[in-house]
């Protein structure tokens, strides 16, 4: 298990988190290369269906990120995302996976450091949880 | 008032009569000139853009990062350069100079000298084959001499136009400017026959209505300051030289190294005010150096963590802009910059091969020295070479500081000494980027007024259509971004991999995918390979999607059939230590983008009509100016003021800096202009509600319902109540600077013994709460202390730094010292103590210069308190859903390039509603907003983003979930033919897609982010690889 490299799907909203991830780049902050980010306009666009689909395909973790509460480019899209992710967590559990494999993080456009730190932390967490049982089955 | 009728019958009143000029001449192709050119064309003007050097881009193209966000400078500039270059209404005359201007405002006749490049602009493709055999190597000016170029050259890779130029100073075929052929290496190698020494310079004559001068600045050569050893010690560099060194595309590919031995320096000294604030050279302040040096420390530490020490020598820390004070502290707290308030007396080689910086230690007031390995000099920003010649050619004057003179900086901060010739950006003195681009827009508003109706409104072509079912033919373009990507990711390998992906018809890699020449190549590849979808793997879509989309549209691919993979900001830059993993990630990201691209669908251009009217909220000087300039463009303009009188803070002021004009006279003149321009004023009125969207706002104000095309927030600010601070409220003779304006107004002469003590930063630059600088207070106290002394009083100013950063600010500071104002510097952490009995009698403070406590007798204490956001700002922000900063002021769209706009289209900012500003800056911003409003409303319609939600009616069960969720009231329940379902008002829809993710039946489709597209990305990521 020593060389286990998690495969993680990330969803990031265009206005805050994707911009924060860009800022991490501009600031040359280094984090593990395990995430593959899908840009959406708002974290509220992310559906539990997408999250489950990623897990069903063998993703070891899913990372959803949006603007801070009160700071959403679309007023309350992130509030909706919070509910959707909470719902998805229950469904992930029913799939037989640890709900900790799904993570929601608020990252603003100025928080490059936070983005890098939270991705680093999430990759560590997934490493400690081990490979997804679904992926192992494959 | 029967405003409806009036609106149709009497448009603008006070426009200068249009003349014979059919366009506007913009001189200078830096960020200021480019911004002006783009704004002018958006408002329908034909633009002639004259640039002296072979390429546009100016100083900003040379910078590595822009502060305080540390964004890559060329990355945010390059899209503007490309846009300007391909704009059909901008005629770029590069490598050209204006040599004459005749005529009158509205009808100017300009002569432009097109210098001979000896390379045909039409034929050259910028391949660079000619430069390789050229036997002459000279220092490259763009690299500030740190890198080399040949005698036939382009200044930098993203040059626009990408056309080579023969440098006749150095080419062997020219001796003292006379041609005599001795070498034909470049001519014989050019595969296109583009080089010819028979080409001649020519004069182009153009008729224009107005002239914008944006010729920028040069960095002073610090060689005359022999004590600093520039030129003697190779590791003493200027700020611009160091900027190039920090740049990943620069001569050291971003590595901080000593030029003497190629080693990484352990310790770097930064020295401010080299040749500026210095009567021997330039008495003015260069305004941007204090913070750009902080940026250079932060960036240098990022690039080379081995650099241990940053010793930063300065006189006054002029961190005056929004976020600057915090940035300066970040330098100390995060990067460990050692700020030393002292000017080095000399910089010399010392015995051990290092560099000794000698200075007076401010802690002990004794001589000291530090050994460092490198020194960076922040040299004065001086008028660009040729300013005097240009002044003669244009028939305008330069000021004592060498920059173009502004006739009346308070009435009109942009007009030179000749009407219709406007000065913007650093051509009228050092400025940072946001102030420069705000001025650029402002100059446009003035220029457009002379142009009248001589406009070229181009018809918008419909976007290319496709048969959505035709087989995908995807083109994939992988960027090297110089070494930014290719230094980590195997860009060639990724391109090779992309060729194997399903649906990909063509894939290749490019050095700079965003450069103008690559746009032309992509255009050709799209045509040649009959591509119907495009994927670019490069930097971030947040900055570069628009230019690639435009290239797609021009080549016949619908711009929504385009996707980007971010393999730089979110790959090569963040996985620099693991190149193989980064390359794998880049491949995954490209595979995902290609998979999504297969499912992209063409979207049509959507437009909405706009109402040619504007509402300015706030009747201070900014609102008044904005209303005047907006109305002058023929736009029906309303000005709403909540109090009974217009003028805002101006009503409280006596005389104004820098021209010593009386505030009431200025206000009177502006109110006269306002009247003439036909602005409809509503005082004692507040906006009750705002609905609608760009071009179509529905505003309830003063009991009326108005339809408004654009909204301008000019709500200003209010003076912080200093209750409890520095004896305010306790002693009646402790007053604010605003109160003191009244005293000045009413006092003919002060009693000679009257001792007035001014205290700066009362409530600003705090460790918590108001952390920023209020920007204008230093100037106010300098002006007031100077005036008080002239009226017979004695004055002292207790400050932390004197931030007299404006063009005339340093002279004001100097005059105050000359006139006997006593300046006392206190350390940041030592408070001012006022003592007395009923009235304040003495002020005690620690004097940082004398290093001792000081007690001053006082008759009057004047507190410089900061400006805070207006109490109306927050409720308006909520009503309009626009963001505010932590400081309570409105947030601009982009900290560098979008200082006038908010995030919501059709809503603009000016004056102190954004952050505290002085009057000239507020006026410039107000005029700039007027130009933006003019551009927005000039065509009668605006384009809407078509990436909205739509409803598949047959699946809709009318549950109402979306109606409940949507913050913008875009979904509406409708009943037609006995069926109830939801329709989306696309003008209201912002495209967030939240409704689509909540629709239980899947009836709602988020057009550009469909379930299918996102699922395809997830699926392909985990698909078995062969």
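Just so you know, all these numbers are worked out from the coordinates, no wet-lab data involved. Keep in mind the model is a prediction, meaning the values are calculated, not measured. Note that each Cβ is placed from the backbone with ideal geometry, even for glycine, and that neighbours are counted across all protein chains shown.
Where both partners of a DSSP beta bridge lie in the protein assembly as shown, what percent of those bridges are antiparallel, to the nearest 5?
Percent antiparallel among DSSP bridges in the protein assembly as shown is about 45.
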### Message
Looking only at segment B:734-865, where both bridge partners belong to it, what percent of the DSSP beta bridges are antiparallel (to the nearest 5)?
### Response
40
### Query
Each label point is 7 Å from the Cα along the Cα-to-Cβ direction; what then is the distance between the points at residue B:831 and residue A:125, in nm?
4.3
### Query
How well do other chains shield peptide B:540-546, expressed as the mean number of their Cβ atoms within 10 Å of each residue Cβ?
3
### Summary
Per-residue Cβ contact counts at 10 Å, fewest first, order B:470, B:102, B:967 as B:470, B:102, B:967
### Message
Between 0 and 90 degrees, rounded to the nearest ten: what's the tilt of helix A:77-94 against the longest Cα principal axis of chain A?
### Response
10
### Task
Can you bin chain A into rounded, prolate or oblate? Criterion: square roots of the alpha carbon gyration tensor eigenvalues sorted a ≥ b ≥ c, rounded for a/c under 1.5, prolate for a/b above b/c, oblate for the rest.
oblate
### Message
If I model a spin label as a point 7 Å beyond the Cα along the Cα-Cβ vector, how far apart are those points for residue B:732 and residue B:122 in nm?
### Response
8.4
#### Entry: Contact order relative to length of segment B:474-603, as percent, for alpha carbon pairs under 8 angstrom and 6 or more apart
31
### Query
Hey, any idea what Rg/Rh is for chain B, computing Rh the Kirkwood way over Cα pairs?
0.97
### Message
If you take each beta carbon of peptide A:28-36 and count the beta carbons of other chains within 10 angstrom, what is the mean?
### Response
6
### Query
Once a ≥ b ≥ c are taken as the square roots of the eigenvalues of the Cα gyration tensor of the protein assembly as shown, is the result rounded (a/c under 1.5), prolate (a/b larger than b/c) or oblate (a/b not larger than b/c)?
rounded
### Message
What's the ranking of B:75-81, B:576-582 by average number of surrounding C-beta atoms within 10 Å, highest first?
### Response
B:75-81, B:576-582
### Query
Let a ≥ b ≥ c be the square roots of the eigenvalues of the Cα gyration tensor of segment B:734-865; is it rounded (a/c under 1.5), or, if not, prolate (a/b larger than b/c) or oblate?
rounded
### Task
Please report the relative contact order for segment B:118-199, taking Cα pairs under 8 Å with a sequence separation of at least 6, and give it as a percent rounded to a whole number.
37
### Task
Using only Cα atoms, tell me the angle between helix A:112-129 and the longest principal axis of chain A; keep it within 0 to 90° and round to the nearest 10.
10
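Could you compute the FRET efficiency for residue B:700 and residue B:659, with r as their C-beta to C-beta distance and R0 at 51 Å, rounded to 0.05?
Working: r = 41 Å, r/R0 = 0.80.
The pair residue B:700/residue B:659 has a calculated efficiency of 0.80.
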### Task
Quick one: order B:870, B:689 by neighbouring beta-carbon count within 10 Å, fewest to most.
B:689, B:870
### Task
Give me B:514, B:424 ranked fewest to most by other Cβ atoms within 10 Å of their Cβ, as a rough exposure proxy.
B:514, B:424
### Query
Other chains' Cβ within 10 Å of A:53-66 residues: what's the mean?
2
### Taking chain B and dividing mean pair separation by its residue count, relative contact order in percent (alpha carbons under 8 Å, at least six apart)
11
### Task
Along Cα→Cβ, 7 Å out, is where each label goes; now give me the distance between the ones at residue B:132 and residue B:969 in nm to one decimal.
6.6
### Query
Which percent, to the nearest 5, of DSSP beta bridges fully inside chain B are antiparallel?
50
